[in-house]
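The values are calculated or read from the model by the stated rules, or taken from the named source; none is laboratory data. Keep in mind the model is a prediction, meaning the values are calculated, not measured. Positions of Cβ are generated from backbone atoms using ideal geometry, with glycine treated the same way; all protein chains shown enter the neighbour counts. Surface areas here come from the heavy atoms of the whole protein model, side chains and all, with no ligands, DNA or RNA. Shrake-Rupley method; radii C 1.70, N 1.55, O 1.52, S 1.80 Å.
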Amino acid sequence: MSIRVVFLGSPGAGKGTQAQLLAAQYGVPQLATGDILRRNVREGTPLGLEAKRFMDAGDLVPDDVIIAMVERELTDAQGFIVDGFPRTIAQAEAFDALLARLGTPLTAVLLFEVPRDQLIERLTGRWTCPKDQSSYHVAFNPPRTPGRCDICGTELIQRSDDTLETVSRRMAVYDEQTAPLIEYYRSRGNLIPVHADRPVSDVTAEILTALSGRAGSKA
Ligand code: AP5
């Protein structure tokens, strides 16, 4: 089943968790701009060196850098789940132009809705796998073996931008620069709100139901 979906929502809303589950379920690639940037930081590439200072501060990496990166990484425009992009109106317009050139319109944009106090708790308790990017939480979504990834057994780490101070900055950046995308996509008839403050399996079920009527169709 072909889907071309954007996951939109605050830091910590559960986009990455659901994108990994649903990409496997639909058999489409997951394109997570944060994961790609972190991989480049780890590998010390020129892109990683440029992006690191913005990420460490909780700020957005410049639009031109991100748009060029997505154009390189979007290798299968027939089906995808994009998580963490677009994050500004300029990125959304560039993405629309790219998809129009490719003749592959979005199926839907899912808006993950979670109250702010829960987001802070989720992010400060998050542990991630540096190898396959799986996301866990000490209380809400613990790994089967403490400190180890369920999928590959790698030792879990905490992200350097999940400190309380940087999380607050990331929330403010979301409100200023990314929240305007809600109206952008709503006005195009693409937006589907998701009650993402419920357990992981409930959120997955809601997304599957929401997409079942749209998959394979052009939004
Ligand atoms: P990025 O990696 O995209 O981070 P983010 O958007 O801040 O999102 P997160 O990864 O923090 O949260 P998530 O929604 O994926 O939540 P998760 O599933 O992990 O970006 C990082 C940085 O890169 C940015 O600050 C920026 O500098 C740069 N960047 C990236 N993209 C960019 C772009 N397009 N333009 C410019 N700069 C860009 O879940 C969070 C926690 O909650 C986990 O512990 C998880 O286990 C738990 N959890 C998940 N679901 C549930 C649930 N239903 N109930 C309870 N707990 C849950």
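Quick notes
- None of 110, 99, 106 is in contact with a Leu (Cβ under 9 Å, 6 or more places away or on another chain) and surrounded by fewer than 20 Cβ atoms within 10 Å (Cβ to Cβ) except 99.
- Residue count, segment 121-157 (criterion: among the hydrophobic types (A, V, I, L, M, F, W, C) and either within 22 Å of residue 6 (Cα to Cα) or in contact with a helix residue (DSSP H, G or I) (Cβ under 6 Å, 6 or more places away or on another chain) (or both)): 1
- In segment 145-166, the residues that are among the small types (Gly, Ala, Ser) form Cβ pairs under 7 Å with partners that are surrounded by 12 or more Cβ atoms within 10 Å (Cβ to Cβ), at six or more places apart or across chains, as follows: 147/156; 160/56.
- Candidate set from segment 173-208 (those that are part of a helix (DSSP H, G or I), closer than 23 Å to residue 122 by Cβ and free of Cβ contacts under 8 Å to residues at least 12 places away in the same chain); member that is most open to solvent (accessible area, probe 1.4 Å): 176
- Residues of segment 70-88 include at least one that is more than 25 Å from residue 132 (Cβ to Cβ) and over 11 Å from the mean Cα position of the chain (by Cα).
- Within segment 71-93, being surrounded by fewer than 19 Cβ atoms within 10 Å (Cβ to Cβ) and within 11 Å of the ligand (Cβ to nearest atom) holds for one residue alone: 90.
- Residues in segment 113-141 that are near the ligand (Cβ under 10 Å from one of its atoms), of a type outside the set (A, V, I, L, M), crowded, with 17+ Cβ neighbours inside 10 Å and assigned to a loop (DSSP other than H, G, I, E, B): 3 in all.
- Here the condition is being within 10 Å of the ligand (Cβ to nearest atom), in contact with an Asp or Glu (Cβ under 9 Å, 6 or more places away or on another chain) and not polar (S, T, N, Q); of 198, 148, 188, 144, it holds for 198 alone.
- Note on segment 82-103: among residues that are without any contact (Cβ under 8 Å) to a residue 12 or more places away in the chain and among the small types (Gly, Ala, Ser), the one that is nearest to residue 27 (Cα to Cα) is 103.
- Of the residues making up segment 61-75, one or more are at pLDDT below 95 and not in a helix (DSSP H, G or I).
- Only one entry of 79, 34, 58, 12 meets the criterion of being in contact (Cβ under 8 Å) with a residue 12 or more places away in the chain and closer than 19 Å to residue 206 by Cα, and that entry is 12.
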